[in-house]
1. I need a count of the residues in the range 90-116 that are within 18 Å of Gly80 (Cα to Cα) and not small (Gly, Ala, Ser).
2. Give me the helices (runs of 4 or more DSSP H) completely within the range 294-398, filtered to those with at least 3 residues that are in the same structural domain as Ile15 (by TED's automatic domain parsing) and surrounded by 15 or more Cβ atoms within 10 Å (Cβ to Cβ), ordered by residue number.
3. When the range 1-42 is examined, which residues are found to be under 26 Å from Tyr310 (Cβ atoms), in contact with a Lys or Arg (Cβ under 8 Å, 6 or more places away or on another chain) and of a type outside the set (A, V, I, L, M)?
4. Quick test of your reading of the structure: Ser202 fulfils all but one of (1) under 18 Å from Val311 (Cβ atoms); (2) of a type outside the set (D, E, K, R); (3) touching an Asp or Glu at 6+ places or on another chain (Cβ under 9 Å). Name the failing condition by number.
5. Give the range 365-391 a look and list any residue that's closer than 20 Å to Pro339 by Cα and under 31 Å from the mean Cα position of the chain (by Cα), or say none.
6. Can you find even one residue in the range 24-42 that is assigned to a loop (DSSP other than H, G, I, E, B), within 30 Å of Glu269 (Cβ to Cβ) and not small (Gly, Ala, Ser)?
7. Of the numbered conditions (1) in contact (Cβ under 8 Å) with a residue 40 or more places away in the chain; (2) over 27 Å from Asn167 (Cβ atoms), Ala43 fails exactly one; give the number of that condition.
8. Looking only at the range 255-269, which residues are modelled with pLDDT under 95 and either among the acidic types (Asp, Glu) or in a strand (DSSP E or B) (or both)?
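The values are calculated or read from the model by the stated rules, or taken from the named source; none is laboratory data. As the structure is a computational prediction, the values presented were derived from the model and not from experiment. Using ideal geometry, Cβ is built from the backbone for each residue, glycine included, and neighbour counts are taken over all protein chains shown.
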Amino acid sequence: MAVNFIPVTEAKKLIRENTNILSPVWLPLQKAAGLVSATDVFATTDIPSYPQSSMDGYAISFEGWQKNKILQIEGESAAGTHESISLVPEKAVRIFTGAPLPTGADTVVMQEKTKTENGILIIDDKNLVAGLNVRPKGSEIKTGELAFSKHKIVTPPAIGFLAGIGNTEVNVYPSPRVSLIITGNELQEPGNPLEYGQVYESNSFALKAALQQSGIHTIYAFKAEDTLEILTDKLNSALHQSDAVLLTGGASVGDYDFVLQAAANCGVETIFHKIKQRPGKPLFFGKQENKLVFGLPGNPASVLTCFYEYVAPALLQMSNKSFSLQKMNIPIAKPFKKPAGLTHFLKGYYDGKSVTALNAQESYRLSSFANANCLIQVNEESTHINAGELVEIHLLPQ
């Protein structure tokens, strides 16, 4: 269903409704950071699996110490030992942090609270109670208990915890594989001299950085000359290896704009083309089965605006993450005028008190974007905003 010049809110709604969550996969813990768990994880053993000392000191029977007060030191238990030690009430065992508690012991006295004389342990700890400085078996987690819930972000502490209870992998929703197709015969690689009629290609650099900042690292890049045949071939290849394809340039209606026809040639259904906004009015969105295709404008500021407002939320939704730029209502520092009919996204700088619309707002200029920390949304019906009036800003990832 193609719809021309739809409002911003309708475009975002259509993208949400047409974006599917990727099927879960099992990944090693080291590769799961930042992803969302797809299943509950349950403990398969008690952790710790034995009563464990939490201090360097001496393992004792509390009742035996109360009766005898002076204990004979016999034996030693170190972390990693496989030897099972038994303790009688009249004795103490030298023990170290993480070591198994001897059978018959129930308390560990800190080394600093003791003195030793000729193999005899003398305890000077007025706060000593039974069970002190002992990690009971299963005190971290018991067999069968829920260790980590589904639909939660797998954080570094979660990875450490899961490894600590014996897991090596976790079932997660993966990040999408993304292909970039950069079009434009006028584009030159940075570092090479510009010939007349050429501009340096920057969109792939900005998009790769934005994708990586969003936690997406499987990125393929293609360059396509401005011919329908070549673009169709590149898009077809990208669709075969990716979950989402981002094209830059060629999404308008010029003689060399072939994105719509190439998409149709590859069996991509058009969901919408053209939004009532500036910059980024010719944005295209379509899908081939569950694979998403975004035809972004060619101008760099338009590309990034559309990425943050439309593409990033969809890509993270594919990973079962909720994402939107943080929104705030902030007073604008200077007045702003525009004609009615288009929503404007202005590059802005928020200083903690007010927001300023930066200079160089044209869609081909990135200098303002490089210094912006937010986008100012001015809705399509608005024509004039006075200084001090509240405006909606969307904070950019930093």
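1. The qualifying residues number 10.
2. Once the helices (runs of 4 or more DSSP H) in the range 294-398 are filtered for at least 3 residues that are in the same structural domain as Ile15 (by TED's automatic domain parsing) and surrounded by 15 or more Cβ atoms within 10 Å (Cβ to Cβ), what remains is 300-306, 312-318.
3. Listed by number, the residues that qualify are Asn4, Phe5, Pro7, Asn18.
4. Exception for Ser202: condition (3).
5. Leu375, Ile376, Gln377, Val378, Asn379, Leu390, Val391 - these are the residues of the range 365-391 that are closer than 20 Å to Pro339 by Cα and under 31 Å from the mean Cα position of the chain (by Cα).
6. yes
7. So Ala43 meets the others, but not (2).
8. Asp255, Asp257
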